[in-house]
Amino acid sequence: SSSSSLSTASNSVQFDLKTYWTALIAEINKKLEEAIPVKYPERIYEAMRYSVLDEAAKRAPPVMCIASIHLSIILSILMESCSICCLRFTRLRSSMMTSHAWTTLRRARGRPSNHTIYGVDMAILAGDALFPLGFQHIVTNTPPEVIPENRILRVIAEFARAVGSTGMAAGQFVDLRNGNGNGDRERVVEFVQEKKFGEMAECSAVCGGLLAGAADEEVARLRRYGRAVGVLYQVVDDVMESRRDGGEGVKNKKSFVRLYGLERAMERAEELREEAKRVLDGFVKVYGETKVAPLYSFVDYAVDRSFVVGDG
Amino acid sequence: ENQQVFKETLFQFEDYMVHKAKRVNEALDEAVPLRHPLKIHEAMRYSLLAGGKRVRPMLCIASCELVGGDESVALPVACAIEMIHTMSLIHDDLPCMDDDDYRRGKLTNHKAFGEETALLAGDALLFLAFEHVATRTAGVSPERVVRAVAEMSAAVGSEGLVAGQVLDVASEGQEVDLRELEYIHVHKTSKLLEAAVVCGAIMGGGETVDVERMHRLIVSSDVTKSSEELGKTAGKDLKTKKATYPRLMGIEKAREFADILVAEAKGELSHFDSSKAAPLHGLADYIAYRQN
């Protein structure tokens, strides 16, 4: 929808993100399908597949990961993406079950959540199994002659940190604990947004860079880029939600719009967009516009949502 | 005279256990500093530092030393495996699973911190385990660390620990035959014990043949375990008809079975220097015949 008045000016290189993304989704889904075959005991694999092989999934984290890899070497290392999807599910799982006290039927992407179909116990176990499966997938399917082991270890550490007790789990925890909000509400909302939404995008961008052998300074910049895009995506979501609901009376207590008002939310989105693009401008000088184009297009997509991913 | 030798060995073994447990506890304490948000880290520490026997870290360190490695190279992975073990206990105790109020004589994690925090603390310990190994291991080639990560993840996932828990949950209140019980036990308990000894040998610089021996070492374990010895609510397993070896085989047969398994394990150890293998001999006996 073009209801947003945020600037969506594109860079000079035209990049067809929709075609790029849609093609990658098909490939990623195929790899994920292969990565989780149904074995004995079947029910746990079915529960794992139910959440991971969701046809409606946009696969944004793996696509961003691959786009970061493309920055310096053109290698589609899709197993990394699988792990990121697995990890993201682990986060989804926790969020589904904890925020709704195990009982409410909540829909993720318009489908009943895992635990309403397989039971809370099976949903917990499916999450416990998916996380190590992600790591197993990386270490057994990444050929060491292509990616040296020290890089694989850095990727593992990055994943684990991103979802861990100072990363997404921290965001989840603070979100739950401060449900009714008081006093430090602004700090809480910013912390939660940064941890719950910034970390995943940050991790995706950083892992792509690590696999490709990016220098520490480049990894640090990819980190800033990913974080900005992740939070940007959420702030724009809040803006869109408030428009849909007609005004600022949004239900979501953690909404940036509810906290700061629509105008400030738009300003924040603009700042984040600028920040992300500034980082990429630095890369253009070294790698050229063509290689950086996919990463630029993510920033624009986060703002304008000009197409529906996976639609035709 | 034999009894005297036995007593001395036993004494040394206890010494060894006490010494190693102290090192492991210090390392675990350092591994989870109190950071923001405090409560989740408190919950992680509550269960991790609750004074378990540290059998898994000890197996890991002992097998590292067996192949000639120093304790320090195995310590990070030893701690990681204890974190995974603790995660499985926290999740196991949740109301939707075994619904236990006490473990090791203390309130279970969700009783002390609430279900949501307990679930997240368990998740966070699992994540930290992998981060810890990847970032804290020093003096080992990246290739070996990656192999250890592969062993750890295989042991905990849907072909390991989780598979055992799935069957365990499904079998509650139902009749289970020996084959099913074996499956539950191998996956729920033995896989992680196996990962502990295997990772120890990998970090310690063991040859492929040593690592293979370590794979075979833990065929099965604590066959005669009863719910009381796990520090769980007494008699719960029997009430809920949960399968145990003594229930299916009778105490006598279960003990004979344990003897056979321990002998097999010690057979694997006979290929190593006997003084270096002594701690693992002791641990095999301890796991099979432990009594509180």
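The values are calculated or read from the model by the stated rules, or taken from the named source; none is laboratory data. Computed from a predicted structure; not experimentally measured. Glycine also receives a Cβ, built like all others from the backbone with ideal geometry; neighbour counts cover every protein chain displayed. Note: areas computed on protein heavy atoms with side chains; ligands, DNA, RNA excluded. Shrake-Rupley method; radii C 1.70, N 1.55, O 1.52, S 1.80 Å.
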Matching residues, region B:98-123, being within 18 Å of residue B:167 (Cα to Cα) and open to solvent by 20 Å² or more (accessible area, probe 1.4 Å)
B:99
Those residues of region B:137-147 that are open to solvent by less than 30 Å² (accessible area, probe 1.4 Å) and more than 8 Å from chain A (Cβ to nearest Cβ) come to a total of 2
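Of B:160, B:164, B:173, which residue is open to solvent by 20 Å² or more (accessible area, probe 1.4 Å) and of a type in the set (Gly, Ala, Ser)?
Answer to the check: B:173.
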Can you name the residue in region B:88-123 that is assigned to a loop (DSSP other than H, G, I, E, B) and at the interface with another protein chain (Cβ under 8 Å from one of its Cβ atoms) and, of all such residues, is farthest from residue A:115 (Cα to Cα)?
B:94
Only one of these conditions is not met by residue A:123: (1) more than 12 Å from chain B (Cβ to nearest Cβ); (2) closer than 30 Å to residue B:171 by Cβ. Which number is it?
(1)
Residue list for region A:206-244, restricted to those being small (Gly, Ala, Ser), within 26 Å of residue A:286 (Cα to Cα) and not in a loop (DSSP other than H, G, I, E, B)
A:208, A:209, A:220, A:226, A:228, A:230
Go through region B:46-66 and give me each residue that's hydrophobic (A, V, I, L, M, F, W, C) and buried (at least 24 other Cβ atoms within 10 Å of the Cβ).
B:48, B:58, B:59, B:60, B:61, B:62, B:64, B:66
Only one of A:159, A:135 is at the interface with chain B (Cβ under 7 Å from one of its Cβ atoms) and in contact (Cβ under 8 Å) with a residue 24 or more places away in the chain; which?
A:135
Evaluation of residue B:150 against (1) closer than 30 Å to residue B:172 by Cα; (2) at the interface with another protein chain (Cβ under 7 Å from one of its Cβ atoms); (3) surrounded by fewer than 23 Cβ atoms within 10 Å (Cβ to Cβ) (one fails), failing number:
(1)
For residue B:126, state whether it is of a type outside the set (D, E, K, R), assigned to a helix (DSSP H, G or I) and open to solvent by less than 20 Å² (accessible area, probe 1.4 Å).
yes
Would you check if there is a residue in region B:67-85 being open to solvent by less than 10 Å² (accessible area, probe 1.4 Å) and modelled with pLDDT under 95?
no
Scan region B:121-130 and give yes if some residue there is in contact with a Cys (Cβ under 9 Å, 6 or more places away or on another chain) and touching a residue at least 40 places away in the same chain (Cβ under 8 Å), otherwise no.
yes
In region B:245-272, residue surrounded by the fewest Cβ atoms within 10 Å (Cβ to Cβ) [restricted to those that are touching a residue at least 40 places away in the same chain (Cβ under 8 Å) and not in a helix (DSSP H, G or I)]:
B:271
Scan region A:22-37 for residues that are β-branched (Val, Ile, Thr), modelled with pLDDT under 85 and closer than 21 Å to residue A:126 by Cβ and jot them down.
A:28
